[in-house]
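Read the figures in this text as sums done on the coordinates, not as results from a lab. If you're wondering where the values come from, they're calculated on a predicted model, not measured in any experiment. Counting neighbours? That spans all protein chains shown, and the Cβs are built from the backbone with ideal geometry, glycine included.
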Amino acid sequence: MTKPTMNTPSTDSQRTNQPPHHQAYDESLWWGLFSAGGVCFAVLLPSAILFFAVLLPLGWLPADALSHERASRLLFSVPGFLFVGAAVCLPLFHAAHRLRHGMFDLILGRDTTNKKLMYGAAALLSLLALGLVVAGMFR
Amino acid sequence: MDKSTSQRFVPLKRNWWLKLRFFKLYMLREATVLPLVFFLLCILAGMVALLQGPESWQRWIAFMGSPIVLLLNLLALAASLFHAATFFVLFPRVMPLRIGNYQLPDKAIVAGQWAGVLAVLLLFIWLFGRASV
Amino acid sequence: MSAQQVSTRRISVKRYLPDNSTEPYWQEYELPVDDSTSLLDALNHIKEQLDSTLSYRWSCRMAICGSCGVMVNGVPKLGCKTFLRDFDDEIRIEPLAHFPVQRDLVVDMEIFLDHLAAVKPYLIDDNPVKPFDPKAPETYRQSPRQLARYKQFANCINCGLCYSACPQFGLNPEFIGPGAIALGHRYNLDSRDHGSTQRMAELNRHEGVWSCTFVGFCSKVCPKHVDPAAAINQSKVASAKHTLIALFKG
């Protein structure tokens with residue numbers, strides 16, 4: 001039974017641009033990063049935002065709690081590297097995933113392009129963040 | 001008359017999510033990443049400043065104190081808590097935890113995650129809440 | 001039983017009669033209702049007393065056949081499980097969203113049935129223990145614990161409400177969708193089944209589990225509390241495991 005496409009939902013994978021039985025092996029990775037990032041966003045970020053973006057600029061922390069010397073010592077270390085991975089890189093991938101799907105929800109652009117842009121940006125910024133920590137460690 | 005040609009099909013419009021409160025809350029949940037991205041970019045700038053030296057570090061702290069930046073980051077704080085509230089309840093549905101024969105109640109899993117938030121807060125207070133030694 | 005208070009209610013129905021016009025239109029009906037009047041009762045009253053041209057589907061009147069799904073004020077519901085007493089203001093009835101409409105409240109659910117068939121929602125057992133012997137019939141054994149793993153997802157009645165609730169299906173009809181994935185997951189969790197590899201080929205696609213963004217409205221509207229959103233996201237975990245295994249096997 002054939003139907004004119006005009007009156008029925010499209011049967012081509014137009015918006016995702018994938019052949020019908022293409023296995024989406026990469027999606028497991030993006031979803032894993034999204035989920036891990038979501039946990040970090042929920043568990044770590046409330047405190048991180050409160051301390052670094054609210055209490056610190058308002059001057060409500062003890063004077064030398066985040067002095068240049070102490071902040072450098074804490075950040076440019078192995079625990080600092082791990083912290084950046086959990087509090088910056090993973091949330092970046094979480095954001096990239098939600099932005100990508102949000103653009104699909106709002107019918108903006110093509111998913112294949114959005115995907116590359118979003119995860120690509122998250123990967124570049126993550127590399128930059130981890131690179132900064134490593135640069136600080138070997139200064 | 002051919003049945004199939006007479007069918008009516010209306011594709012979803014871009015504003016579909018404005019029609020129901022449930023969908024608006026979904027979009028709000030998805031939008032929590034917007035202030036998150038702003039905060040993460042601030043942190044990246046802070047890391048660059050820290051690497052450049054004490055003067056840039058002070059300048060970055062002053063930048064973080066400017067009203068608009070502070071306001072956006074307060075928004076990010078609210079967003080992170082709203083995200084936590086919506087994200088924690090999904091966990092037991094995605095990964096129901098079982099210890100032997102015992103199915104862990106959903107409420108216990110959600111409470112455990114909030115305990116994690118509290119533990120991180122205590123760690124931050126311990127790290128930054130007192131004069132360093 | 002106390003005497004029922006009979007009053008008059010107005011409901012609007014979105015009509016579509018392709019023989020007369022290509023454009024749908026709203027029609028209002030006024031009918032007598034009491035506390036026990038379901039939406040299906042109301043539609044039956046309209047059909048029998050007021051307007052015999054109205055088309056809609058129904059059968060069992062008790063939320064098991066899954067055929068009387070309609071949109072009530074924009075929310076998909078079963079007509080037989082929806083009571084007019086629960087609505088204070090206007091009641092607007094439309095055909096189920098995201099499906100092609102054939103006539104009035106009757107939609108074409110073929111795409112849902114296609115997606116359902118794709119996930120092979122039946123027991124797959126390539127190596128039955130023994131050939132069937134009628135003299136000594138051997139049945140599958142399943143413990144209550146094994147049953148508990150999938151029981152919730154087995155309650156689906158294929159009413160399609162979750163498809164009308166799902167914006168991802170609305171945006172991309174190729175998405176296999178909540179109901180079908182929940183049933184695929186139900187068989188993947190069944191101790192008697194060995195078909196998960198076959199189903200994974202269908203689930204681990206962009207149009208499979210990965211189109212879902214956990215909006216969660218499917219689970220909210222499900223009249224049988226199947227929680228398809230949970231099933232899809234548990235399937236994501238299973239798909240991720242499947243991918244990891246495929247990666248190590250090369």
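By the rule of a second cysteine Cβ within less than 4.7 angstrom, chain C holds isolated cysteines at C:Cys68, C:Cys80, C:Cys156, C:Cys159, C:Cys166, C:Cys212, C:Cys222. Residues of the stretch C:71-85 falling in the label zone of B:Val10, defined by backbone nitrogen less than 11 Å from a point 7 Å along Cα to beta-carbon, are C:74. Per residue of peptide B:94-102, the mean number of Cβ atoms on other chains within 10 Å of the residue Cβ is 2. Estimated translational diffusion coefficient (Stokes-Einstein, Kirkwood radius over Cα pairs, 10 °C, 1.306 mPa s) of the stretch C:7-107: 117 µm² per second. I want to check the label-to-label distance for B:Leu25 and A:Phe83. Put each point 7 Å from Cα in the C-beta direction and report it in nm to one decimal. Those two pseudo-labels are separated by 3.5 nm.
Partners of C:Lys151 within straight-line reach, counting lysines whose Cα lies under 16 Å from its Cα and excluding those fewer than 8 residues away in the same chain: C:Lys224.
The value of relative contact order for the stretch B:14-88, using C-alpha pairs under 8 Å at least six residues apart, is 40 percent.
Here each label is just a point 7 Å from Cα along the line to Cβ, and for C:Lys135 and C:Lys151 those points are 3.8 nm apart. The mean of 1/r over all pairs of different alpha-carbon atoms in chain C, once inverted, gives a Kirkwood hydrodynamic radius of 20.2 Å.
The HN-Hα couplings worked out from phi for the stretch B:7-17 by the Karplus form 6.51 cos²θ - 1.76 cosθ + 1.60 (θ = phi - 60°) are 5, 10, 9, 10, x, 5, 8, 4, 9, 3, 6 Hz, whole numbers, x standing for Gly and Pro.
Length gained on full extension, C:Ile64 to C:Glu28: 10.1 nm, using 0.36 nm per residue less the C-alpha separation.
Note on the stretch A:56-139: Cα-Cα pairs beyond 19 Å make up 54% of the total pair count. Dimensions of chain B along the principal axes, based on C-alpha atoms and rounded to the nearest Å, stand at 84, 46, 24, largest first. Peptide B:70-79 shows a mean partner chain C-beta count of 4 within 10 Å per residue C-beta. Using alpha-carbon pairs under 8 Å, 6+ residues apart, how would you state the relative contact order of the stretch C:96-237 in percent? 30 percent.
Can you give the log10 of the normalised intensity I(q)/I(0) at q = 0.24, 0.31 Å⁻¹, computed with Debye over equal Cα scatterers of the stretch B:58-115? Taking Cα atoms of the stretch B:58-115 as identical point scatterers yields -0.91, -1.15.
Working from Cα pairs under 8 Å separated by at least six residues, relative contact order for chain C is 17 percent. The orientation-averaged projection of the convex hull spanning the C-alpha atoms of the stretch B:14-88 amounts to 6.4 square nanometres. Taking the square roots of 5 times each eigenvalue of the Cα gyration tensor of the stretch C:93-150, largest first, gives ellipsoid semi-axes of 40, 15, 11 Å. Mean per-residue shielding of peptide A:63-70 is 5, counting Cβ atoms of other chains within 10 Å of each Cβ. A convex hull fitted around the alpha carbon atoms of the protein assembly as shown yields 226 Å³ per residue. In order along the stretch C:160-175, phi translates into HN-Hα couplings of x, 4, 5, 5, 6, 8, 8, x, 5, 5, x, 7, 8, x, 6, 4 Hz, rounded to whole numbers, per the Karplus curve 6.51 cos²θ - 1.76 cosθ + 1.60 with θ = phi - 60° and x for Gly and Pro. Here the peptides C:223-229, B:17-23 are ranked by packing, the mean other Cβ count within 10 Å, and the order with the highest first is C:223-229, B:17-23. The phi-based Karplus calculation (6.51 cos²θ - 1.76 cosθ + 1.60; θ = phi - 60°) puts the 3J(HN,Hα) values of the stretch C:69-85 at x, 9, 8, 10, 6, x, 10, x, 8, 7, x, 6, 9, 10, 10, 4, 4 Hz, whole numbers, x for Gly and Pro.
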